[in-house]
Amino acid sequence: MMLRSNPDDQIKHAFSPFRLRKLQLKNRFIKSATYEGMYKNGMPTGRLTEFHSRLAEGGISMTTVAYGAVNDMGRTHAEQMYIHDEVMPMLENLTASVHQYRCAASIQLTHCGYFSRNKQIKGQNPLAPSRRLNMYGTMEGLIYSKSMSEEEIFQTAEAFSSAASFSKRAGFDAVEIHMGHGYLISQFLSPTINFRTDKYGGSLKNRLRFPLLVLEKVREAVGQDYPVLCKMNLEDGFVGGLKINESIEIARALEKSGADALVLSGGYTSKTPFYLMRGEVPLWQMIRAERKLIQKIAMAVLGKVIIRKYRFEENFFLPLAGKIRQAVNLPLVYLGGVVSADGVNQIMKEGFDMIAIGRALIHDPDFISHIEKDRSHISECNHCNQCVAEMDRDGVRCVLVE
Ligand SMILES: Cc1cc2nc3c(=O)[nH]c(=O)nc-3n(C[C@H](O)[C@H](O)[C@H](O)COP(=O)(O)O)c2cc1C
């Protein structure tokens, strides 16, 4: 139980500078990647720059552009941005704008794996460690995934590496490799999703081979001075998914292989999407945001059964994240349910180096200035999670704010 009235001085530590390789951050608060939905036919709109600039103005030290698909196959749907030459001017503009506020910019590099309804790849099956049913893509005819060949594994690792050097050229100060939430790298790590029998499946050592290849290739591309963060799961949140005993080993392996920081999260988008957020499931708003009638009907019929709700608690990942803290020495970014100064205090006390925040900053981009000035301030984000429906409707926003 956290005391509301007695935050001690650890919070000052959260407002002190932090260094990641050559990148000097003015404080320890990062905006976590939250898919913005501010794209048209795969191209970022000006709203993406406005969104991140406003966050930067609010005082965080680094903002993260969400879901930078490393190639067109890596997109979950065709609206999403993927890294290619045409997006360079928009991303250069975004990073320059964010930098005006002494804020760094990071980009999340991602591949969706089987979790795809990107009709532009019709005729090809989405890539995954193993062939499996892809319920999410059935209406688009992307019913099964294809088990990746060794060549495809290598080419995809190369795509992460090209996307990383592209991002560096676009002015990003860091990249975050998405290894969690049930996307491609997470699919390789998950014991019951990856059932390959070659050197990329089976034992944890084998399941780690592709994630570590990606990290190695990205490092080669960006050089030794450039920060590479990895976002990984503490647990997948379903029976047969990744558990904390294995994620401790994953954290150790990433540390040994030169990751600069780990962002700790959990959950699996195609199975346990609200495990990573907790709070309400905005089913009706999600149905409203869905464009296809048949998909709306499927969600209305099956949504309540399939999409599980998890109770929100402040700092909900702290007990699991603490186990990783005890096992590794590299910088760790705490993420999940940060809403108050007392909560920040607690996280700092437990030895985390940085704090990533999603919804409290979507609700109020000045959230960290408020907790700096007023230690009793608590975010008014009520975890209704309607921002999740909004991101697919007209771009992420908090419905509590006009
Ligand atoms: C609207 C929305 C979109 C999200 N999109 C992403 C994403 O693209 N990539 C990602 O790694 N996490 C994504 N997340 C998860 C957040 O980064 C974060 O892990 C989660 O919201 C818990 O942090 P919070 O309690 O501070 O909000 C998203 C969360 C929300 C609410």
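The values are calculated or read from the model by the stated rules, or taken from the named source; none is laboratory data. Small disclaimer: the values here were computed from a predicted structure and weren't measured. Because the Cβ atoms are built from the backbone with ideal geometry, glycine has one as well, and the counts that use them run over all protein chains shown. The protein model used for the area step is the full one, side chains on, heavy atoms only, and it has no ligands, DNA or RNA in it. Shrake-Rupley method; radii C 1.70, N 1.55, O 1.52, S 1.80 Å.
Hey, can you tell me all the residues within the range 370-402 that are within 13 Å of the ligand (Cβ to nearest atom) and among the hydroxyl-bearing types (S, T, Y)?
S379
With respect to M90, is the statement that it is more than 13 Å from the ligand (Cβ to nearest atom) and at pLDDT 95 or above true?
Against the criterion (more than 13 Å from the ligand (Cβ to nearest atom) and at pLDDT 95 or above), M90 qualifies.
Consider only pairs whose beta carbons are under 6 Å apart and that are at least six residues apart or on different chains; among these, list those whose first residue lies in the range 262-279 and is touching a residue at least 12 places away in the same chain (Cβ under 8 Å) and whose second residue is among the acidic types (D, E) and in a loop (DSSP other than H, G, I, E, B).
Hits for this filter: G266/E235; Y268/D236.
If M299 satisfies all but one of (1) closer than 19 Å to Q386 by Cα; (2) in contact (Cβ under 8 Å) with a residue 24 or more places away in the chain, what's the number of the condition it fails?
Result: M299 fails condition (2) only.
Return the pair list, or none, for Cβ contacts closer than 9 Å from residues in the range 225-240 that are touching a residue at least 24 places away in the same chain (Cβ under 8 Å) and polar (S, T, N, Q) to residues that are assigned to a strand (DSSP E or B) and open to solvent by 20 Å² or more (accessible area, probe 1.4 Å), at least 6 apart or on different chains.
none
Looking at (1) within 25 Å of M354 (Cβ to Cβ); (2) at pLDDT 95 or above; (3) out of contact with any His (no Cβ under 8 Å at 6 or more places or on another chain), which is the only condition D8 fails?
(2)
Output the qualifying pairs, or none if there are none: Cβ atoms under 7 angstrom, residues six or more apart or on different chains, first residue in the range 334-349 and over 15 Å from P319 (Cβ atoms), second residue acidic (D, E).
Listed pairs, sorted by first residue: V339/E314; S340/E314; N345/D8.
Pull up the range 354-369, narrow it to residues that are within 15 Å of S265 (Cα to Cα) and open to solvent by less than 30 Å² (accessible area, probe 1.4 Å), then point me to the one that is nearest to the ligand (Cβ to nearest atom).
Only one residue fits best here, namely G358.
Which ones in the range 23-43 are more than 24 Å from H370 (Cβ to Cβ) and at pLDDT 95 or above?
L23, Q24, Y35, G37, M38
Could you give every pair whose Cβ atoms fall below 9 Å, whose first residue belongs to the range 350-366 and is under 16 Å from F312 (Cβ atoms), and whose second residue is in a loop (DSSP other than H, G, I, E, B) and among the basic types (K, R), counting only separations of at least 6 or pairs across chains?
Close Cβ pairs (under 9 Å, with a partner that is in a loop (DSSP other than H, G, I, E, B) and among the basic types (K, R)) amount to I362/R397.
Considering (1) within 15 Å of the ligand (Cβ to nearest atom); (2) buried (at least 21 other Cβ atoms within 10 Å of the Cβ); (3) not β-branched (V, I, T), say which one M348 fails and leave the rest.
Failing condition for M348: (1).
Looking at F115, is it of a type in the set (F, W, Y), closer than 28 Å to I30 by Cβ and modelled with pLDDT of 95 or more?
In short, no.
Need at least 2 residues that are small (G, A, S), under 17 Å from the mean Cα position of the chain (by Cα) and crowded, with 24+ Cβ neighbours inside 10 Å per element, so show me which strands (runs of 3 or more DSSP E) inside the range 16-125 make the cut, counting only ones lying wholly within it.
62-69, 104-110
Give me the helices (runs of 4 or more DSSP H) completely within the range 134-207, filtered to those with at least 1 residues that are open to solvent by less than 50 Å² (accessible area, probe 1.4 Å) and small (G, A, S), ordered by residue number.
Filter on the range 134-207 gives 150-169, 184-189.
Take the residues of the range 228-255 that are of a type in the set (A, V, I, L, M, F, W, C) and in contact with an Asp or Glu (Cβ under 8 Å, 6 or more places away or on another chain): which is most open to solvent (accessible area, probe 1.4 Å)?
Across the range 228-255, the extreme among qualifying residues is I244.
Given the structure, is G322 without any contact (Cβ under 8 Å) to a residue 40 or more places away in the chain and out of contact with any helix residue (DSSP H, G or I) (no Cβ under 9 Å at 6 or more places or on another chain)?
yes
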